[in-house]
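K.L.:
Please find one structure pasted underneath; my questions will follow.
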Amino acid sequence: MASARHWALLALVVALAIACQRTPEQTQKKPPVTQWQAPWGSGALPTRAEVVAEADRLAVAAQALQGADALRLIAIAADLRERVWRRDGRQPDLLEAIELQHQAQRIEGPEQCHHALQEAALRSESTADLSQLYEQVYLIRGRFRDDAKCVEQVDQTLTTVAAYKPPADRLAALDDEARKLRGDNESSSGAAAASASVTSRVVTPGGAPGSRAPEMTGPSKITHIERYPGKDAARVVVFLTTPASFTVGQVAPNAAGKDGRLFVDIRQSKYTGPKEFNLGGIVERVRIGQQQDAMRVVLDLSDSVLDQVFYLPEPFRLVIDVSRKGTQASKPEPNNEGPGKPEEGKPGRKDREIQRVVLDPGHGGHDPGATGPSGLREKDVVLDIAHRAAPLIARELGISTLLTRDVDAYVPLDERVARANAFAADLFISIHCNASETHGGRGVMTFVLDAAADANASAVAARENAASLAASTEFATTMSRFLDAHVSAASVHFAGLVQKASLAALLPKYSDVRDEGVHRAGFYVLAGARMPAVLVETSFISNPNDEQRLNMPDYRQKLADGLVNAVRAYREGL
């Protein structure tokens, strides 16, 4: 069986590699920035350090550009990372290549399908999950159905993996999701907006909008509703006993900008608690009432808002985020000089306006987090690191800093980003200590919110979420499809700075610290962040050597210095 699976995967990778080749027509349509050619051409690559440095330089330069110009640099960087991975076999290079292809396929243009397929091909080599691959490629087909060349390439791949085709109801769900990605309003069930002033969408837990999950067989009880108000941003969390389908709708405000409402109809649910909560700010009040076969949660709004509604699987709850239009996080502005080095004496980057930073020490109170072999507790270590970093950010950088917890107290995961959004933070850093079942894990790693590209990242997220691996993976896959492209790209860039700055602070004295790289995974604590948000695993508290270091004031101070330097570098446009 192992041999058969190996050859099936090998055949799949070959088919995807053929399908993902650029056609002659695509080759002729080069982006206008032709002076930025791929370094080293198709010849032999130099050392890995040189390749990685060049790929990072191009990726950073791309963030200052748009359209075909940005795409050109990202594509070159992705190709470099993939080539050096195939030569040296270093996992971080594969993950970075996937990440860059993920960015490239979000840029509108004739090569979107190509980069989406390239990402799917690389993910297949990383995870060997052919069922998930079929769904990814099928979704690409629906997303680019009007591109005949793309459909032809996708169909070749789907034929190769036909044995992994999911059931018809799952395909129908993917068709609905593809319609949403294309911007179509009508779902396969024929549901449409009730009127021009009311928009709505249906979400069913199970991995994608419109999917029909068999586990939802009876009514769910709404146990309680948490509210986190704010002037320009607010969060409402609805806790339920079992998963439930829900419809999200928004009633546009009148000409005076008043009387706008956001509603969530939770199907086959019951509720017996208070029917109204006054909040103040962007959400004036929350009301709950019966609506045919559903309980309706209504947010009365004081202004036009952007909304994001999603669910967390374990325990099951609906998270309703709203923010005043015009107050969302600004687009990243890393470097305005193109990929070349700036002339001497000439500024080579553009400073970002960073006024507020939120540090989030993980766990707390009754939740100790991971515990080391000698009893050191994660909650104590990360709070101390935050206490060391916060005054430095405030004093040295002049940036207002908020801690989600300042003492040994428990703060729910849902509330942490809610506090950052209400604070109008420009950056969010969640601080943790890693752990593994064995004592062998070591090193520093940083995460952003997205679908995980490797099993280890998924396992870390599941532990921090206090949820099962399946639930964390489902959440990550669902959220990855609705992330804001600009905030996501900025998060990835900031995560790279946190990783590099942490190592730069530690390595001069602790030369054996491992660089475990930047990863994507489904962390509940990062969900709904309106600003670049990262989670840093400072070291493995489960490792006796790392635990000993984490118990040293000097080591903690260097970790805090790394966070401060990362914020400084991000603000300075690096």
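K.L.:
If packing is taken as the mean number of other Cβ atoms within 10 Å per residue, what is the order of 152-158, 492-498, highest first?
P.N.:
Peptide ranking by packing, descending: 492-498, 152-158.
K.L.:
What length, rounded to one decimal in nm, is gained on full extension from Gln156 through to Ala168, with 0.36 nm per residue of separation minus their alpha-carbon distance? Write out the running numbers ahead of the final one.
P.N.:
Values: separation 12, 0.36 × 12 = 4.32 nm, distance 1.99 nm.
Net length gain for the segment: 2.3 nm.
K.L.:
Expected output is a single nm value to one decimal: the length gained when fully extending between Thr241 and Arg395, i.e. 0.36 nm times separation in residues minus the C-alpha distance. What is it?
P.N.:
50.8 nm is the gain from fully extending Thr241 to Arg395.
K.L.:
Keeping all protein chains in place, calculate the accessible area per residue for the range 382-446 (probe 1.4 angstrom), answer in Å².
P.N.:
Working: 2340 Å² over 65 residues.
Per-residue value: 36 Å².
K.L.:
Checking the a/c ratio against 1.5 first, then a/b against b/c, what shape does the Cα gyration tensor give for the range 496-574?
P.N.:
oblate
K.L.:
If packing is taken as the average count of other Cβ atoms within 10 Å, what order do 281-292, 314-325 fall into, highest mean first?
P.N.:
Working: 281-292: 16.7, 314-325: 19.9.
Ranking the peptides 281-292, 314-325 by packing returns 314-325, 281-292.
K.L.:
At R0 = 41 Å, how high is the FRET efficiency between Glu50 and Asn545 if r is their beta carbon distance? Nearest 0.05 is fine.
P.N.:
Efficiency, from the Cβ-Cβ distance: 0.85.
K.L.:
Right, another one. If you place +1 on the Cβ of every Lys and Arg and -1 on the Cβ of every Asp and Glu, how big does the dipole about the Cα centre of the range 357-485 come out, in debye to the nearest 20?
P.N.:
180
K.L.:
Under 18 Å from the Cα of Lys509, which aspartates and glutamates turn up, not counting those fewer than eight places away in the same chain?
P.N.:
List returned: Asp546, Glu547, Asp554, Asp561.
K.L.:
OK, next. Take each of the peptides 563-569, 261-267, average the number of other beta-carbon atoms within 10 Å over its residues, and list them starting from the highest.
P.N.:
By packing density, highest mean first, the sequence is 563-569, 261-267.
K.L.:
Related question: Give the carbon-plus-sulfur fraction of the accessible surface of the range 425-503 in %, rounded to a whole number; probe 1.4 Å, heavy atoms of protein chains only.
P.N.:
Details: 1430 of 2360 Å².
Looking at the range 425-503 in its full context, I get 61 percent from C and S.
K.L.:
Would you mind classifying the range 45-126 by shape? Square roots of the alpha carbon gyration tensor eigenvalues, ordered a ≥ b ≥ c; an a/c under 1.5 is rounded, otherwise it is prolate if a/b is larger than b/c and oblate if not. Display every interim value, and only then the final one.
P.N.:
Details: a/c = 2.50, a/b = 1.26, b/c = 1.99.
It is oblate, given that a/c is not under 1.5 and a/b is not larger than b/c.
K.L.:
Here is a further query. Can you list the aspartates and glutamates whose alpha carbon is less than 17 Å from that of Lys221, not counting same-chain residues fewer than 8 positions off?
P.N.:
Straight-line reach from Lys221, under 17 Å: Asp265, Asp293, Glu314.
K.L.:
Per residue, how many Å² of accessible area does the range 473-561 show with a 1.4 Å probe?
P.N.:
31
K.L.:
Shifting gears a bit: What distance in nm lies between label points placed 7 Å from Cα along the C-beta direction at Arg90 and His224?
P.N.:
Spacing of the two 7 Å Cα→Cβ label points: 4.9 nm.
K.L.:
Could I ask something else about it? Ordering Trp85, Trp40 by accessible area with a probe of 1.4 Å, largest first, what comes out? Write out the running numbers ahead of the final one.
P.N.:
Values: Trp85 40, Trp40 100 Å².
Sorted by accessible area, descending: Trp40, Trp85.
K.L.:
By the gyration tensor of its Cα atoms, with a ≥ b ≥ c the square roots of the eigenvalues, what is the shape of the range 281-320: rounded for a/c under 1.5, prolate for a/b over b/c, or oblate?
P.N.:
Oblate shape, in that a/c is at least 1.5 and b/c is the bigger or equal ratio.
The values are calculated or read from the model by the stated rules, or taken from the named source; none is laboratory data. Model, not experiment: these values are computed from the prediction. Positions of Cβ are backbone-derived with ideal geometry, glycine not excepted, and every protein chain shown enters the neighbour counts. Note: accessible area is taken over every heavy atom of the protein model, side chains too, but ligands, DNA and RNA are not part of it. Shrake-Rupley method; radii C 1.70, N 1.55, O 1.52, S 1.80 Å.
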